[in-house]
1. Which residue pairs have Cβ atoms under 6 Å apart, sit 6 or more places apart or on different chains, and have a first residue in the range 236-264 that is touching a residue at least 12 places away in the same chain (Cβ under 8 Å) and within 21 Å of Glu223 (Cβ to Cβ) and a second that is open to solvent by 100 Å² or more (accessible area, probe 1.4 Å) and not in a loop (DSSP other than H, G, I, E, B)?
2. Considering each of Arg27, Arg16 in turn, give the residue that is free of Cβ contacts under 8 Å to residues at least 24 places away in the same chain, more than 30 Å from Ile200 (Cβ to Cβ), open to solvent by less than 60 Å² (accessible area, probe 1.4 Å) and basic (Lys, Arg).
3. In the range 41-60, which residues are free of Cβ contacts under 8 Å to residues at least 24 places away in the same chain and open to solvent by less than 100 Å² (accessible area, probe 1.4 Å)?
4. Being without any contact (Cβ under 8 Å) to a residue 60 or more places away in the chain and not hydroxyl-bearing (Ser, Thr, Tyr) is the requirement here; does Ala145 meet it?
5. Hey, could you check the range 116-144 for residues that are basic (Lys, Arg) and assigned to a helix (DSSP H, G or I) and say which is nearest to Tyr173 (Cα to Cα)?
6. Counting just the residues of the range 145-155 that are of a type outside the set (Asp, Glu) and in a helix (DSSP H, G or I), which one comes out most open to solvent (accessible area, probe 1.4 Å)?
7. Considering only the range 215-233, I want to know if a residue exists there that is touching a residue at least 12 places away in the same chain (Cβ under 8 Å), within 24 Å of Glu151 (Cβ to Cβ), open to solvent by less than 100 Å² (accessible area, probe 1.4 Å) and outside any helix (DSSP H, G or I).
8. Taking the conditions exactly as written (open to solvent by less than 80 Å² (accessible area, probe 1.4 Å), outside any loop (DSSP other than H, G, I, E, B) and charged (D, E, K, R)), does Lys193 satisfy them or not?
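The values are calculated or read from the model by the stated rules, or taken from the named source; none is laboratory data. From a predicted model like this one, the values you see are computed outputs, not experimental measurements. Positions of Cβ are backbone-derived with ideal geometry, glycine not excepted, and every protein chain shown enters the neighbour counts. Note: accessible area is taken over every heavy atom of the protein model, side chains too, but ligands, DNA and RNA are not part of it. Shrake-Rupley method; radii C 1.70, N 1.55, O 1.52, S 1.80 Å.
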Amino acid sequence: MNKNSLTILFWVLIRRKKNGVAPIYCRITYNNERVEMNTSKSVDPKQWDNKAQKVISKTENAKDVNFHLDTIKGSINKHYSLLSAADKLISAEIIKQQYMGIKPKEKYLLDIYTYYLKKYSEKVNAGKRDVKTLTRLTISKEKLAAFIKAEYSISDIPLTQLKMAHASGFCHYLETVENLSTNTSMKHVKNFKQVVRFAIEQGWLDINPLMAFKCTYQDPERERLTMEELNTLYTKEFEIKRVEEVRDVFIFSCYTGFAYQDTY
């Protein structure tokens, strides 16, 4: 059987037999995951055909039960096809919920952010990510939480209610209330967008409402050494060896353009 194929099985739960009849259950299997549910129909186990998965009787009640089971099977297949066509996350439980009309629990932004930090922390512990980046992501979450509370007087925002205005509003809040520079504010918004992309990857959000918001950065004005000053530093002698080493690395970075982290 194909790993990702959908199978629907009906059977009689004989151990729950009462007054001569037992309930008929339905099992949905997808991607090696199983879920079960009661079909609300019962039958005399002697009249049940396990192979055909239907009642073998010509009574009106038997026809009603078989029609009910066919309807269930058709509805389950329909919901599976809709999920596939929409390219949404599929599992046996999700198919069951769709059939029963149960809406999945609403996901919230800061809850997702907390989960994202947990996953990132696991990568840090495994040596796959930098702990400094984790610290910056955590600070961004704290500032995002402060923005949501100050701007909307709520503790969190449902993912389905996210809009591009939340990104621009967050940036404005950082620049005005937190009094951060444009570049620093944009870095926090970038982390915000990163978490939203993570939510999409997990199947919790269909589209990215922040996609149209572009993070723009301003080149800061920095005082640069002239070539004459650089040569003076290059030829200067220091009594302390450690200072000479620092000077050499700095000169090396100036000549090659290597970033600090690469040189380190």
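1. Between residues of the range 236-264 that are touching a residue at least 12 places away in the same chain (Cβ under 8 Å) and within 21 Å of Glu223 (Cβ to Cβ) and residues that are open to solvent by 100 Å² or more (accessible area, probe 1.4 Å) and not in a loop (DSSP other than H, G, I, E, B), the close pairs are Ile251/Tyr234.
2. Numbers: Arg16 fails: open to solvent by less than 60 Å² (accessible area, probe 1.4 Å).
The match here is Arg27.
3. Going residue by residue through the range 41-60, those that are free of Cβ contacts under 8 Å to residues at least 24 places away in the same chain are 42, 46-47, 49, 51-52, 55-60.
Within the range 41-60, Ser42, Gln47, Asp49, Ala52, Val55, Ile56, Ser57, Thr59 meet the criteria.
4. Numbers: without any contact (Cβ under 8 Å) to a residue 60 or more places away in the chain: yes; not hydroxyl-bearing (Ser, Thr, Tyr): yes.
Spelling it out, Ala145 is indeed without any contact (Cβ under 8 Å) to a residue 60 or more places away in the chain and not hydroxyl-bearing (Ser, Thr, Tyr).
5. Residues of the range 116-144 that are basic (Lys, Arg), as a first pass: 118-119, 123, 128-129, 132, 136, 141, 143.
Narrowing further to those that are assigned to a helix (DSSP H, G or I): 118-119, 123, 132, 136, 141, 143.
Numbers: Lys118: 26, Lys119: 28, Lys123: 31, Lys132: 24, Arg136: 18, Lys141: 14, Lys143: 9 Å.
This residue is Lys143.
6. Kept after step one, since they are of a type outside the set (Asp, Glu), are these residues of the range 145-155: 145-150, 152-155.
Filter again for in a helix (DSSP H, G or I), leaving 145-150, 152.
Values: Ala145: 34, Ala146: 38, Phe147: 3, Ile148: 1, Lys149: 147, Ala150: 70, Tyr152: 86 Å².
Ranking the qualifying residues of the range 145-155, first place goes to Lys149.
7. Yes: one or more hits.
8. Details: open to solvent by less than 80 Å² (accessible area, probe 1.4 Å): yes; outside any loop (DSSP other than H, G, I, E, B): yes; charged (D, E, K, R): yes.
The answer is yes for Lys193.
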